[in-house]
Amino acid sequence: MLSWSSVAFWEPFEDGFANGEELTPAEEAAAKEAAESKGVVKFGWVKGVLVRCMLNIWGVMLFIRMSWIVGQAGIVLSCVIVLMATVVTTITGLSTSAIATNGFVRGGGAYYLISRSLGPEFGGSIGLIFAFANAVAVAMYVVGFAETVVELLVSMDALMTDQINDIRIIGTITIILLLGISAQIFLLVILVTAICNYFIGSFIPFQSKESKGFFGYKAEIMMENMGPDFRGETFFSVFAIFFPAATGILAGANISGDLADPQLAIPRGTLLAILITGIVYLGVAISTGSCIVRDATSNNVTSGQFFNCSDAACKFGYDFSSCKASAESASKSSCEYGLHNDFQVMSVVSGFGPLITAGIFSATLSSALASLVSAPKVFQALCKDNIYPGLGMFAKGYGKNNEPLRGYILTFCIGLAFILIAELNVIAPIISNFFLASYALINFSVFHASLANSPGWRPSFKYYNMWVSLAGAVLCCVVMFVINWWAALLTNVIVLALYIYVSYKKPDVNWGSSTQALTYHQALTHSLQLSGVEDHIKNFRPQCLVMTGYPNSRPALLHLVHAFTKNVGLMICGHVRTTSRRPNFKDLANDQIRYQRWLLKNETKAFYTPVFAEDLRQGSQYLMQASGLGRLKPNTLVIGFKNNWRDGDMRDVETYINLIHDAFDFQYGAVVIRLKEGLDVSHIQGQDDLLSSQEKTSGMKDVIVSIDMSKDSDGDSSKLSSKATTAQNSPAIQKDKKSPTVPLNLADQRLLEASQQFLRKQGKGTVDVWWLFDDGGLTLLIPYLLTNKKRWKDCKIRVFIGGKINRIDHDRRAMATLLSKFRIDFSDINVLGDINTKPKKENIVEDDSSLCHTPTQSVVAFEEMIEPYKLKEDDMEQEAAERLKAEEPWRITDNELELYRAKEHAPGEEGGSVQCTLHVLAGHPVQGPSPDPPGPWQPSERPDLLLLKFCCLLDHHMNHCHRKKNPGWCNPTVELM
């Protein structure tokens, strides 16, 4: 039996919980209890969702456009139009229910649902336009109400000024009054009464109404109106006119923060509202098509006066055939009644006409009121997340219910501005497309979350399907273009622009979106697929394990390796930490998170991997064995050159050398990077700020920084020089304000300058490749990758090869052929004809501090250099020699010296650099010309060891070279030996 336990650590936030965090049941209960204790008013599913959705869906379309749609499309196609819209809204309702029941739902409605599912990019873009669409929808509904009032004033000849200005006046007064109205139940009662009034009236025929086209339910009228009779319209244009009536299903979800139980209220209220309103729309379509003819004149014209009458009305003693003739001839018709001609035909049918007018007022005002409440709530949630800087002032709430008063004022201003236009025929399609874009993304969110197969996606609402949600998203996109293609394009452009903006800003939020889950799922799937693919020489890329310690401890090492691995290969910053105390793994995990964020913040595409170990070698072995995943494993070890190898502890030197041998044993390539100034800047506390200021200002004369004088037993064994770093003096971790400030010495200033040299454009320099023998591998690959980068594009590759004096031209042509085969551009090939000649004594450099050397000048007195490290077993007894060898295994025996003597004088082997083929390429040797066959000492399958030596890159180095009157060797140079 297995048992699992977990401990959660969280920090308090202003509202009690982290924004967007999914709450546990205990935390959710605590939040509810806290809200109740403050007297916050919460709505149930009836008043909060069902009533709001029905009020928003039952708009003016029900009373003044539904009968016209039946006249154009007929009963059958009208039902198809209603069902199509209902299918789209039902699928969206199912998707909304699934998202709403997958965790704690806070305020924000559609924005909250989309942002927490797809992430801030989609949520931020949709949230802004959705809030704006709701604000403009207020104006649209208010103008609809004002137009109806103005029509009544016209009929009574009571206009105040003219129709346009009267709409503006009435609309302004109406939106002001709406700010103080909260009578949704009352409006719903009026609306339901008006609908019932129509259906009751349809069963009570009056003789006086027959001339206006109403005859009661007749089979003849129903059969005549069954088919379409499009007059200047098409099926899709009629559908485009009707669909905005269905865009109110999120009215309840938009106030999710004010619901007592959003997980219960949103599914139940939304789906029931869609069902009830859909049935009513279908009932009105069938009813109007069964009792009202398409055309009527209101005159008592009997069929006895005409002999060619064939319409259904003719059977009841009326002949309205002249109306159809007028419509076909496009002449002005005297027919003012019927489904085609009278938008107020439902008032004619109803038992009490003024009640239909009251229903129109109720429908428009309720829709306007729902939008007036929704827009500020959505906008407040968007501003709380700080997706768009500068909008934070609208996040503040007031009162017990945290009402967004500033958002109400903004919505009022936007609505009033569009009301003053008094003509929204162009704006209305854009609003519908904004709503449809939201519906499409809600459906896509469910599909995306299901596709990601995240364990966190487990909604309690089970009646959804990922493929149905995908179909719903596609349908929403299709409907957008059906309604208005240019408005759909405009909507997509706005969403894309906002998406790009939010992606560029990269808001610091983590909502556990399905985008993250799918990214993980795809990465895992592709990693497994990649593991089943054999390596091939064409796909080889350097995947580097860089021994940086803390990533900002050796900036030059980090920047150079990142220059040739960015978007090309894997880069892992390895860090071996040693401690005399018990390892603190919690701190190690925190450091891993902190420095990974540091790498991301500095746009360095790398991973930080720290380990605890007894010493550097053991930790490096851990990293080389365990770093990476599948094929995404390092194949190259990158370390810094140990500048103090002559003066330091020989055990540290032994560890350093064994580290390289371990890399060979693990079939790694080895790259050693050397800077004269050194690589480690960790002893300079606060160097991050100093380096950033260096990039902005040049020529600093007096630099003051904090030098950490403290010591700690928790060491950093990844240091490859004599300087040590601790957790306390690690840059970017802590800044001790009490540490003494002292001016930087000249060496540290030069060190800081050198550490940033690979962030600058390199200029027209050269990358010198010392081609020791024909082996392929990293020797040519790294220069090629470097010169492909923007900062290195002006640098040229210059190749040096060993050869013989009597065949220099042949060797140069052979190397040029090989480089052409490798498709590598080069500027020059230099053949060193005297490479096999032993150095003369006068060419041996006594001062190794010189920066600008030729290959021959780089030779040191090998015998003198290794003299202190010889075992000298001939000068002591065998037992003493063996004991000394065991105590100091780095001692060089005479046998080892003889074994490598041939290697010392091998072609191109001056300076002691070992050059071998990369193991990955060893199975696929490069076939090409070679100046000389490799000697017998060449290993058959060993990784590369590259020594990257950087010369003359700093200004004072350049001046030194020019003073030596040798500019040919003093160009900015990277030497690969």
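The values are calculated or read from the model by the stated rules, or taken from the named source; none is laboratory data. This structure is a prediction, so every number in the text was calculated from the model and none was measured. Because the Cβ atoms are built from the backbone with ideal geometry, glycine has one as well, and the counts that use them run over all protein chains shown. Quick note on the areas: whole protein, heavy atoms, side chains included, nothing else; ligands and nucleic acids left out. Shrake-Rupley method; radii C 1.70, N 1.55, O 1.52, S 1.80 Å.
Of the peptides 477-487, 590-600, 629-639, the order by per-residue mean of other Cβ atoms within 10 Å, starting with the highest, comes out as 629-639, 477-487, 590-600.
With 23 Å as the limit, write out which pairs from Lys676/Lys764; Lys47/Lys377; Lys676/Lys804; Lys566/Lys793; Lys642/Lys872; Lys538/Lys764 have Cα-Cα distances beyond it, or answer none.
Numbers: Lys676/Lys764 21 Å; Lys47/Lys377 17 Å; Lys676/Lys804 32 Å; Lys566/Lys793 15 Å; Lys642/Lys872 25 Å; Lys538/Lys764 30 Å.
Violating the 23 Å Cα-Cα cut-off are Lys676/Lys804; Lys642/Lys872; Lys538/Lys764.
Electrostatic tally near Tyr408: other residues with Cβ closer than 13 Å to its Cβ, Lys and Arg +1, Asp and Glu -1, net +2.
With a ≥ b ≥ c the root eigenvalues of the C-alpha gyration tensor of segment 76-147, is it rounded (a/c under 1.5), prolate (a/b larger than b/c) or oblate? Here segment 76-147 falls in the oblate category. Within the full protein context, the accessible area of Phe585 is estimated at about 130 Å² for a probe radius of 1.4 Å. Of the residues His575, His526, ranked by 1.4 Å probe accessible area with the largest first, the sequence reads His526, His575. Once the cut-off is 21 Å, how many percent of the Cα-Cα pairs in segment 539-613 end up in the long-distance tail? Pairs farther apart than 21 Å: 26 percent.
Hey, can you rank 113-124, 884-895, 805-816, 510-521 by average C-beta count inside 10 Å, highest first?
Result, highest mean first: 113-124, 510-521, 805-816, 884-895.
Comparing Cα centroids, segment 67-91 and segment 759-773 end up 72 angstrom apart.
As a test of reading the structure, rank Asp166, Asp828, Asp652, Asp157 by solvent-accessible area (1.4 Å probe, protein chains only), most first.
Working: Asp166 0, Asp828 65, Asp652 85, Asp157 140 Å².
The most accessible residue leads, giving Asp157, Asp652, Asp828, Asp166.
Leaving ligands, DNA and RNA out of it, rank Arg231, Arg458, Arg883 by accessible area with a 1.4 Å probe, largest first.
On the way: Arg231 65, Arg458 150, Arg883 125 Å².
If we order Arg231, Arg458, Arg883 from most to least accessible, we get Arg458, Arg883, Arg231.
Under 5 Å from the amide H of Asp768 lie the amide H atoms of Arg798, Val974, Glu975, Leu976, each residue being 5 or more positions distant or on a separate chain, with H modelled from the backbone and absent for Pro and chain starts.
Is the C-alpha gyration tensor of segment 362-490 telling us rounded, prolate or oblate? Criteria: a/c under 1.5 is rounded; beyond that, a/b larger than b/c is prolate, otherwise oblate. Write down the numbers at each step before the final one.
On the way: a/c = 2.12, a/b = 1.26, b/c = 1.69.
Oblate, because a/c is 1.5 or more while a/b does not exceed b/c.
Compute, for segment 384-519, the length of the dipole vector about the Cα centre, with Cβ point charges of +1 (Lys, Arg) and -1 (Asp, Glu) only. Units Debye, rounded to 20.
On the way: 8 positive and 4 negative charges, 79 e Å.
Dipole size: approximately 380 debye.
In order along segment 498-507, the Karplus-derived 3J(HN,Hα) couplings, from 6.51 cos²θ - 1.76 cosθ + 1.60 at θ = phi - 60°, round to 5, 4, 5, 5, 5, 5, 5, 6, 6, x Hz, and Gly and Pro are given as x.
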